[in-house]
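Written below as structure tokens is the structure these notes are about.
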Amino acid sequence: MEQNGFGEAATGTLVPTIGGRKAFVPQKLPPALDLNPVAEQLSAASQAIGELRGIGRGMANPMLLIRPLQRREAVSSSGMEGTYTTLSDLFLFEAGAGDAGKREDNREVFNYVMGLETAIGQLDELPISSRLLRNAHRMLLEGVAKHRGAAVDAGELKRDQNWIGGTGRIETARFIPPPPREAADALDDLAKFINRPDRGGIPPLIDAALAHYQFETIHPFADGNGRVGRMLITLILIQSDILRQPLLYMSPWLERHKDRYIDLMYEVSRKGEWLAWISFFLEAVTESALGTIRVVERLQDLQTRYRERFQKARQSALLPRIIDLAFEQPAMTITDIAAKIGVTYQAAANNVAVLVGAGVASEIGSHPKVIVFDEILEALRVE
């Protein structure tokens, strides 16, 4: 880390750490800000969120769309950290099939989904806190921490100094976050900021921008910080009631702008460039919300077409139920379908055969045979 790059405008202090290096400890939030330069962007982001929230209210069963959107988020967020899979591979993994060579990566991406769902569910009982984030981290690295390295303890804060970038040595690191003790204290301070009773007139979207930067700068875990930090955005928007349902996922957009995303957070630390970071974050919110609206509209149009096609008097009443289930899980075994709609295996198989014959579904593999709804997967693809 170029220590002489942190001048008077830096948003934290440098403290000694291993190897004679200095680590960066961020100041407590909030900073002094004039939000007038980003007022129009804040308005646009708020409007986009409002439109997305309205779509959520109008859906009879939001989980039919939330579930696949969460998996799209998991694929992109994990991809930014070097864990690569595709949406199709993830759904095949959940169905018990797919490429055995990708099993570890698929497990880790699926864990992201489980960690996010668990954290959202715990918001009914816990505020956003070190405990809640450690629970999410535990789910994220459950069963995969070993291949991540011996120093990675799922659900535990880091015990050793970590760093970001470089060639694997702290001497070449681009950024050195706080040492373990300072990181734990800073995480507690961040939770106090998020849950403060006096909001000080700071809108929740700005809170989310500040908190995400702060979490990534603290880097409290040995691994998984980026993914937990992006979960935190969704958690803040739900806790603050900006969103009722978890419909906003920013990782697909952030993945496409990864260099700017990382560089702007770094410039906050070095030069106090808060407004540049907040502007970028609000752009990410707006574009992600509008992108999600387009995805939801594509899925709803496709669902309507399928229902109209298979709700005719001579068609089986099970076909629309299987189709609705497919929007929640576009790759399933016949056994899964039978269990979830409460029919016999043979009844499910007969109806699946109709959908395969109509070109709505296809079959992959044999043990188990997985039924894949390709048009649904295509509608979910990142734009």
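The values are calculated or read from the model by the stated rules, or taken from the named source; none is laboratory data. This structure is a prediction, so every number in the text was calculated from the model and none was measured. Don't worry about glycine lacking a Cβ; one is built from the backbone with ideal geometry, like all the others, and counts go over all protein chains shown.
Taking the condition without any contact (Cβ under 8 Å) to a residue 12 or more places away in the chain, loosely packed, with under 12 Cβ neighbours inside 10 Å, of a type in the set (A, V, I, L, M, F, W, C) and within 30 Å of Thr118 (Cα to Cα), does Ala39 pass?
no
Being assigned by TED's automatic domain parsing to the domain that holds Phe281, at pLDDT 95 or above and more than 23 Å from the chain's Cα centre (by Cα) is true for just one of Asp207, Asp160, Asp188. Which residue is that?
Asp160
Go through the residues of the range 226-236 one by one and say whether even a single one is small (Gly, Ala, Ser), assigned by TED's automatic domain parsing to the domain that holds Tyr112, surrounded by 20 or more Cβ atoms within 10 Å (Cβ to Cβ) and touching a residue at least 60 places away in the same chain (Cβ under 8 Å).
yes
Looking at Asp241, Asp198, can you tell me which residue is at positive phi and at pLDDT below 95?
Within the list Asp241, Asp198, the selection yields Asp241.
Take the conditions assigned by TED's automatic domain parsing to the domain that holds Phe110, in a helix (DSSP H, G or I) and either buried (at least 23 other Cβ atoms within 10 Å of the Cβ) or not aliphatic (A, V, I, L, M) (or both) and apply them to Phe281. Does it pass?
Against the criterion (assigned by TED's automatic domain parsing to the domain that holds Phe110, in a helix (DSSP H, G or I) and either buried (at least 23 other Cβ atoms within 10 Å of the Cβ) or not aliphatic (A, V, I, L, M) (or both)), Phe281 qualifies.
Assess whether Arg57 counts as being more than 30 Å from Ala173 (Cα to Cα) and of a type outside the set (A, V, I, L, M).
Yes, satisfied.
Go through the range 205-228 and report how many residues are closer than 16 Å to Phe280 by Cα and not hydrophobic (A, V, I, L, M, F, W, C).
Number satisfying all stated conditions: 5.
Condition (residue is over 23 Å from Ser279 (Cβ atoms) and modelled with pLDDT of 90 or more) applied to the range 48-59: is it met by at least one residue?
Checking the range 48-59: at least one residue is over 23 Å from Ser279 (Cβ atoms) and modelled with pLDDT of 90 or more.
Among the residues of the range 7-21 satisfying the criterion of being over 31 Å from the mean Cα position of the chain (by Cα) and touching a residue at least 24 places away in the same chain (Cβ under 8 Å), which is surrounded by the most Cβ atoms within 10 Å (Cβ to Cβ)?
Among those that are over 31 Å from the mean Cα position of the chain (by Cα) and touching a residue at least 24 places away in the same chain (Cβ under 8 Å), it is Thr17.
Look through the range 244-263, keep the residues that are in contact with a Gly (Cβ under 8 Å, 6 or more places away or on another chain) and in a loop (DSSP other than H, G, I, E, B), and return whichever of them is modelled with the highest pLDDT.
Result: Leu247.
Tell me yes or no: at least one residue of the range 27-45 is under 21 Å from Phe280 (Cα atoms), in a strand (DSSP E or B) and under 31 Å from the mean Cα position of the chain (by Cα).
No, the conditions are met nowhere in the range 27-45.
Report, by residue number, each residue of the range 357-383 that is farther than 11 Å from Thr333 by Cα and not aliphatic (A, V, I, L, M).
Selection gives Gly357, Gly359, Ser362, Phe373, Asp374, Glu375, Glu378, Arg381, Glu383.
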